[in-house]
């Protein structure tokens, strides 16, 4: 399955066009390497996605051409969630 489609179906990113743009910007790594939207994703692959101040690492568990909201989270397992510190702000 294509990377952009997986991101959309799994609901990691809400729209396929946004998933394509994020991939084109180099903000998605597949097994540690920069991935294009057309890169093939397989179960067992590790994805690292950079959303603004948040970086999420997930492992692909299963693939499905479509998934209900409840089933979408079963397509991946969150391995790590990190938050980058924003300059100019202080956290309590």
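Quick note: the coordinates plus some simple rules give every number you see, no bench work behind them. Keep in mind that what you see is a predicted model, and the values were worked out from it rather than measured. Heads up, the Cβs are rebuilt from the backbone with ideal geometry, glycines too, and the neighbour counts pull from every protein chain shown.
When 21, 65 are ordered from fewest to most other Cβ atoms inside 10 Å of their Cβ, what list results? Display every interim value, and only then the final one.
Working: 21 14, 65 7.
Ranking 21, 65 by Cβ neighbours within 10 Å, fewest first, gives 65, 21.
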Quick one: divide the alpha-carbon radius of gyration of the stretch 14-92 by 2.2 N^0.38 Å and tell me what you get.
1.20
Can you give me the relative contact order of the chain as a percent, contacts being Cα pairs under 8 Å and 6 or more apart?
25
Counting other beta carbons within 10 Å of each residue's own, what order do 78, 13 fall into, fewest first?
78, 13
Subtracting the Cα-Cα distance of residue 31 and residue 68 from 0.36 nm times their residue separation yields 10.7 nm
At 0.36 nm per residue, and after removing the present C-alpha to C-alpha distance, how many nm does the segment from residue 57 to residue 42 gain when stretched out fully?
3.9 nm
Based solely on its DSSP helices, what 222 nm [θ] is calculated for the chain when runs of n ≥ 4 H residues each add -39,500 (n - 2.57) and the sum is averaged over all residues, nearest 500 deg cm²/dmol?
-5500 deg cm²/dmol
Here, residue 16 and residue 80, labelled 7 Å along Cα→Cβ, have an inter-label distance in nm of 3.1
